[in-house]
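What follows is calculated from the coordinates using simple rules that are stated; it is not laboratory data. On a predicted model such as this, the values are computed, not experimentally measured, just so you know. When we count neighbours, we look across all protein chains shown, and the Cβ atoms used for this are built from the backbone with ideal geometry, even at glycine.
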């Protein structure tokens, strides 16, 4: 069945939203570059502090040295998450355009952050301990894991677009059926049909986040290991303190999860405010559903663009950790941090 005329007419709205999204990406790449430099500088300072802390712990393992190491690790995770990164962009875009309950948003944030730490641990265990690679070689292998993560981001965007198109088709088809029945049935029958149909197609934001989307979202974010965590584990292995390094990485993940969850909550609150405003201004729930469907489609398309652009940037430029000596912010895509 071909698209209805209202569906086709709203294509211009979709193109406009995509144009705005492209402008946002360009502004992010240029306007926030100096902020990115400063955050990366702080991360390098914190990493040097981490190296000193784990060295001190290996010499004198006391409660004070443990607290110092874990505190610095937690702070590093907070600052690392505050900088630009594809995981935060994906999660914020998804929650702002598709919604979700607060508990689920927090669950996504902390699970994805924890998965990043676990991925770093597994990467070092397999490559450094299993295959005998040095830490810098392990860092170079991160590029392949990044590519898989970026492709999963694009796949997540395609999946969200397909869901949004299905929702929009149902909304516009129901609208056409209601309009057709209103001319061929009595007023009382038409009112009853409209109420039933509207209830059947109404989708709550809490129901929009199913387990498949959750797995794809967490995988797309958490599959890319934190480069700082990889370097920390490498230093810990050289000192014979790999278990201490794992504890440090888990503290990093906790700090990252707190910052990312704050962004997730902000996205949920912003979407809720916009929905309440929209509901007050619209005369029917069907109109609200159409608008949210178009917003969801725009969000999915933005995630596709993000994943593809990151993949292309990763292929064109070699991987380098943000904590190595070379200035990374001028070599990397702003959202790969």
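Worth pointing out:
- Length added when fully stretched, residue 239-residue 212, from 0.36 nm per residue minus Cα-Cα: 5.6 nm
- The fewest-to-most ranking of 103, 88 by surrounding Cβ atoms within 10 Å reads 103, 88.
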